[in-house]
């Protein structure tokens with residue numbers, strides 16, 4: 001589901017933050033920080049994420065592979081006046097329209113306001129508005145090839161608010177200050193959060209949304225929710241989709257069961273087959289629930305396999321280009337050769353690194369499934 005330039009920007013920031021080191025203070029979702037009229041929300045508990053087996057192992061492997069990693073991180077600490085491996089705790093995203101380039105991001109952490117102000121001046125961000133005691137800055141951003149403006153404000157030293165419009169930024173600050181209504185436990189976007197959850201997504205009112213993606217099933221879906229994380233050495237993903245009627249939910253179950261059987265039969269990787277077999281789908285009324293768990297150690301093993309496959313693909317891609325010239329659509333689209341291709345260069349330009357569900361009451365759903 002697309003949320004425009006805002007989430008594209010914040011998504012990159014989230015990936016960067018989550019890839020960093022360990023933390024101790026958990027940052028679960030705070031419903032009251034999300035505007036009451038929101039149709040969707042997502043939350044990343046950064047501390048829980050980077051405390052997981054997979055991310056800890058990935059961080060260790062990255063430092064072993066990139067010997068200058070600590071030096072680069074020290075530089076980042078100096079520039080930001082904070083340690084992103086410890087001082088970013090949670091990221092919350094929400095919006096009142098589905099499929100629109102509109103929304104708010106709230107980054108919870110310990111910030112250095114004077115450093116952020118200095119950085120804003122360097123990147124020519126404007127500080128052109130106020131809201132009460134808050135200063136609201138803005139900067140130009142590329143949103144899928146179209147220019148747009150993002151707005152930001154610091155709330156004390158604990159929250160950085162980024163929004164797709166000035167009105168959204170002001171409204172978000174009012175919600176944080178308790179001057180405007182936030183979500184409550186009765187909201188369609190409320191619900192239980194299982195222990196160890198690091199990622200959460202909830203969307204309500206999908207069938208009525210004017211989304212750019214023309215997939216018919218979206219018109220037959222009331223709501224969706226997903227949680228993922230790790231608890232007691234087990235990685236988990238749980239999702240529930242409330243359809244418009246029981247018949248549609250039953251059809252969705254057939255699709256899931258078919259895909260599951262296909263993967264178990266045809267997947268060449270033994271661990272991959274094991275992962276697919278672990279999916280447990282269930283239909284209850286108009287809802288279809290998918291539960292999945294696996295050993296976190298097995299997940300890390302599979303991540304390493306995928307990384308090696310990607311590296312081999314890049315090597316073949318680069319070797320092919322070296323013999324026959326660049327025919328990659330990415331290279332052609334960018335109007336440049338292999339020295340600019342992210343597949344050829346591993347994402348770097350040449351030379352730069354050289355040298356709760358809705359639709360009725362729940363029945364017989366265990367606490368483990370209540371999310």
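The values are calculated or read from the model by the stated rules, or taken from the named source; none is laboratory data. Quick caveat: nothing in here was measured; it's all calculated off a predicted structure. Cβ atoms come from the backbone with ideal geometry, glycine included; neighbour counts cover every protein chain shown.
Quick notes on this one:
- Any chance residue 82 is surrounded by 14 or more Cβ atoms within 10 Å (Cβ to Cβ) and modelled with pLDDT under 70: no
- Apart from one condition, residue 136 fits all of (1) farther than 27 Å from residue 37 by Cα; (2) at pLDDT 90 or above; the exception is (1).
- Residue match in the stretch 34-46 (condition: assigned to a helix (DSSP H, G or I) and either in contact with a helix residue (DSSP H, G or I) (Cβ under 9 Å, 6 or more places away or on another chain) or surrounded by 19 or more Cβ atoms within 10 Å (Cβ to Cβ) (or both)): yes
- So residue 155, is it within 20 Å of residue 93 (Cβ to Cβ) and over 19 Å from the mean Cα position of the chain (by Cα): yes
- Among the residues of the stretch 47-73, those identified as part of a helix (DSSP H, G or I) and loosely packed, with under 12 Cβ neighbours inside 10 Å are 60, 64, 65, 70, 71, 72.
- Considering (1) assigned to a loop (DSSP other than H, G, I, E, B); (2) out of contact with any strand residue (DSSP E or B) (no Cβ under 6 Å at 6 or more places or on another chain), the lone condition that residue 188 does not fulfil carries the number (2).
- Meets criteria (closer than 23 Å to residue 45 by Cβ and assigned to a loop (DSSP other than H, G, I, E, B)) for residue 178: yes
- Out of 189, 183, 201, one residue alone is surrounded by fewer than 21 Cβ atoms within 10 Å (Cβ to Cβ), under 25 Å from residue 46 (Cα atoms) and modelled with pLDDT of 90 or more. It is 201.
- Subset of the stretch 153-166 [touching a helix residue (DSSP H, G or I) at 6+ places or on another chain (Cβ under 7 Å) and in a strand (DSSP E or B)]: 153, 154, 155, 159, 161, 162, 163
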